[in-house]
Structures are given as C-alpha cells and as structure tokens.
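The block underneath contains the structure these notes are about, expressed in structure tokens.
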Amino acid sequence: MQQIATTYPEHSRAIMKLGMPLILSNLAQFAIHITDTVMLGWYSVTALAASTIAGTFFFLTFIVGSGFAQAVTPLVAAAAEAGDDQQVRRATRMALWLSIIYGGVIMIPFIWTEALLIAIGQDPAVAAEAQIYLHIVAFQMIPALLVMTLKSFLAALEKTAIILWSTIGSAVLNGFVNYALIFGNWGAPELGIKGAAIASLSLTILNVVILLIYALWKTPQFQLLRNVFAPDTEVMKRVFALGWPIGLTALAEGGLFSASAVMIGWLGPLPLAAHGIAIQLASLTFMVHIGFSQAATVRAGRALGRRDEDSLRRGGKVAITLSAVFAVFTMFVFFFFPEPLISAFIDPDEPAKAELLKIGVALLACAGLFQVVDALQVMALGLLRGVQDTRVPMVMATISYWVIGLPISYILAFPLGLEGVGLWLGLVVGLAVAAVLLLWRFWGRSVRINSHA
C-alpha cells in the first residue's frame, strides 16, 4: 500500500510525481507521430497522404480496443490498495485476453482497406499506398494493445518511470529506423511507406517485451503469467463491462475531430491547413491534460480501494486545479503569441503565408478557449474511470460531442457564415457541455463512494 496523502500539498506532490512521467511519455509518443509525419512528408506527398488516412483508420479502430486496456488502471489500483494481489493478476490477465481477442478480430477488415478507401472517395494511388501500410501495421494491433495494457498495469501501481523511458527510447529508435528504412540509408533497402510500417511494428513488439520483462521483474508478487491461459469468466465480464464504454467514449471524441477536419475541408485547402496547425498545437498541449487525467484515475482508484472518500475529494480537487492552471497558461500563450507558433509550421517562402496566418490566429484563439473546457472534461472522465463509473459518462460525452457540439459547429460555420471560427466554437460548446455534465456526475454522485459500499 502506498503512503496515503491527507493534505492538499501532499496530494499535489503525489499527483505531480505520478503525472509527470505520464505527461512526458505522452509527449514522447506525440513526437513519434510527428517524426513519422515529417519523414514521410520528405519522402513523398502520396506517402504522407496515405499514412495520414491509414493512421486515422488504425487509430479509430485501436482506441475502441484500448478501452479494455484502460480498464486495468482503476481495477488494479483499487485491488492493489485493498491488498488483493490475486485480483490484480486476474484483471490484468483478462485485459490481455480481451486485447488479443479484439486485436485478432479487428485485423480482418484491414485486408480490404484499399477498396474501402476508394469507396469513400480517396485517390486510388493514396488508397494503394495506405493498403501497403495497413497490411503491415495490422499485425501491430495486438502488440499495441498489449503495450497499453501493461502501461495501465504499471501506472496503476505508480511505476511510471519505465513507461517514460520506454516511450522515449521508442521515439529515438523510431527516428533512426525510419531514416534507414524509408529512405534506404546506412545500407538498408529503400522501402518508403512500407519502411515506416515495419519500424512501427518492430518497435511496438520491442516495447511489449521490455514492459513485460520489467513487470515480471519489479512486481513478482502478482505472478502475472501464472495461469495465463486459464479462462476467468467473472473477471473478464468486469473488465469488458468497464472497458467498452471507455473505448466508445474515446471513439466518439476521436470521431468528432475527424468529422471536424472533414467539414473544414469543405471550406478549402487554406482553412484545412490552418485547422491542421491549430489541432497539432492543441493536441501537443492536450498531452499534459491526458497525463494528469491518467494520474487522477490511479489516485481515484486507490482511494476507492480504501473506501477513502475524503482523499478522493481532495485528490480530485487538486488534479482538476493543476490541469486548469496549465490550461489557463496555454490559453494565454495561444491568445497573445499566435504568430510565432503558427509560423513554425509554415514555409517562410509560402505564397499564402499571410492568409494562413490570418486564419490560423483566429482558430488558435478558439483553441485557447478549447483548452480550458477540454481539460475539465478529460479530468472528469479520468476521475470517473477511477471510481469505475464509465457507462453514463459515455452517454453524456457522446451526446455532448455529437448531438450538441457537431451540429452547432455546422450551423455556426456554414448557415451563419463564421466558417472555421464557427466550427471551432461549436467544438468548444460541445466540450463545455461535456465538462459540465461529467463534473456534475462526479461531484454529485460518483464521489460518494461510501454511500455505495
């Protein structure tokens, strides 16, 4: 059992100690994505376009299955705090099972990706390249979900340093392997987009091995591989019941941003390019809030394991405050220093630079507002997952994103003529509604863990 924080400063230190490695590992993971994008962009426009559409396809299928992996965090945190080593092993083992089952099933549609992409209007050359990429990374699905499960297990036990260093190592190696295999450097064959796919698959498998060895070495008391092939219907049902709403909530949010990109694309290439820059900047800062949210899930899960409502309340307030402070800081930066941020993404000789800057500055101002409400809603989701409340939050989030946010985006952007700014303001409204509903759910009901004992 970990030392129990009782005061606000103790909660702050505990969340920062747990959250900072998670935040930095999220930023390192983001760096992997940026490296892939830059290097494939250097190789060819077709390869970049193909990897973008293929990456979206992989991501949207992956995040659904990742719900089972993320369910490990609250289950293991609560069981570990209660001293139930057997329950820790059972929950982790069944999450590994569900990850493998889901990954094996979801690989099947990857066979027909070229036909699927052409059917939704993609360029045939891009679709052909995307299929090459997806036929390889299809085999990455299972190891990627296993990595997520092992990271969730280790985070729940507050062993986050290995998560950070393995992700940083992957980011560095990914750059070197991509440079070799995409371009044919250092005696390697020039494989283009196929090389990027091979690099991603190889490093993900390596990550599984590293995290599994570390988990077995550092947590021998849980005997993770004991009875690994034995079915456990009772716990599998618990992991499934907790995990599928997490996965669908993530899909609803990811789908929302994919839909927003499609809609802003209707306005033309310049608004779409400016939108892409604003999304990259917002996504970069959002990695901080995801890290705090992950830390909040662990701390809430441990409070649940002790039935310690006071600790849950104090920890929740501290986690939300830390995230909100960073959100206000980034909002200030986005409001007052937009040009330098946007210019970093634009070629100085780009003829349309002035127009891109004009559009980008307006969108980044919206992204500033977006920071605060997005931080609040993701923190609420993290706390709710910690106390194993996922179904009603899924419904609240989905309604906020798709029934409220997206229609308002469309109305403001097109009938009311606000274009990209209107679209972003609609997203802000949807996320704000989600934040209000989810915080109301946590503070109004889910925080009262002793009344549900």
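The values are calculated or read from the model by the stated rules, or taken from the named source; none is laboratory data. Just so you know, these numbers come straight off a predicted model, no measurement behind them. No Cβ is skipped: glycine too gets one built from the backbone with ideal geometry, and neighbour counts run over all protein chains shown. Keep in mind that these areas ignore ligands, DNA and RNA; they rest on the heavy atoms of the full protein, side chains included. Shrake-Rupley method; radii C 1.70, N 1.55, O 1.52, S 1.80 Å.
A few notes on this one:
- FRET efficiency, Val38 to Ala119 (Cβ-Cβ, R0 30 Å, nearest 0.05): 0.50
- Rh by Kirkwood over Cα pairs, then Stokes-Einstein D for the range 321-367 at 0.890 mPa s and 25 °C, µm²/s: 214
- Accessible area per residue for the range 172-260 is 49 Å², calculated with a 1.4 Å probe on protein heavy atoms, without ligands, DNA or RNA.
- Mean sequence separation of contacting Cα pairs (under 8 Å, at least six apart), scaled by the length of the range 181-318, corresponds to a relative contact order of 8 percent.
- Estimated at the nearest 10 Å², the accessible area of Thr46 is 60 Å² with a 1.4 Å probe.
- All distinct Cα pairs of the range 122-166 go into the 1/r average, and the inverse of that average, the Kirkwood radius, is 12.7 Å.
- Calculated P(r) tail over 18 Å for the range 187-263, as whole % of Cα pairs: 72
- For the range 170-227, the spread of Cα coordinates along the three principal axes comes to 46, 20, 16 Å, biggest extent given first.
- Accessible area per residue for the range 356-448 is 35 Å², calculated with a 1.4 Å probe on protein heavy atoms, without ligands, DNA or RNA.
- Computed helical MRE - 222 nm, the chain, DSSP H runs ≥ 4 contributing -39500 (n - 2.57), nearest 500: -27500 deg cm²/dmol
- Hydrodynamic radius of the range 90-224 per Kirkwood, over alpha carbon pairs, in Å: 16.5
- Residue ranking by accessible heavy-atom surface, 1.4 Å probe, largest first, among Asp310, Asp36 comes out as Asp310, Asp36.
- Per-residue SASA entry for Ile290, accessible area with 1.4 Å probe, Å² rounded to 10: 40
- When all protein chains stay in place and ligands, DNA and RNA are ignored, the 1.4 Å accessible-area order of Ile162, Ile120, largest first, is Ile120, Ile162.
- Paramagnetic reach from Leu216 (point 7 Å along Cα→Cβ, amide N under 11 Å) across the range 230-257: none
- Net charge, Glu129 excluded, C-beta distance under 11 Å - Lys, Arg +1, Asp, Glu -1: -1
- Across Lys151/Lys218; Lys17/Lys159; Lys151/Lys317; Lys159/Lys237; Lys159/Lys218, pairs whose alpha-carbon gap is larger than 18 Å: Lys151/Lys317; Lys159/Lys237
- Surface share of carbon and sulfur [accessible, 1.4 angstrom probe, percent] for the chain: 69
- Extended-chain gain in nm, criterion 0.36 nm per residue less alpha-carbon gap, Phe257 and Val45: 74.1 nm
- Computed with a 1.4 Å probe on the full set of protein chains, the accessible area for Ile411 sits at about 80 Å².
- The range 242-314 - Rg (one decimal) and Dmax (whole number), Cα, Å: 17.7, 55
- Scanning the chain for long hydrophobic helices, with DSSP H runs required to stretch 20 angstrom or more by C-alpha along their axis and to average at least 0.0 on the Kyte-Doolittle scale, returns 8-43, 45-81, 85-106, 141-156, 161-183, 193-218, 233-265, 269-306, 309-336, 353-386, 419-441.
- Global form of the range 1-98, assessed from the alpha-carbon gyration tensor, a/c cut-off 1.5: oblate
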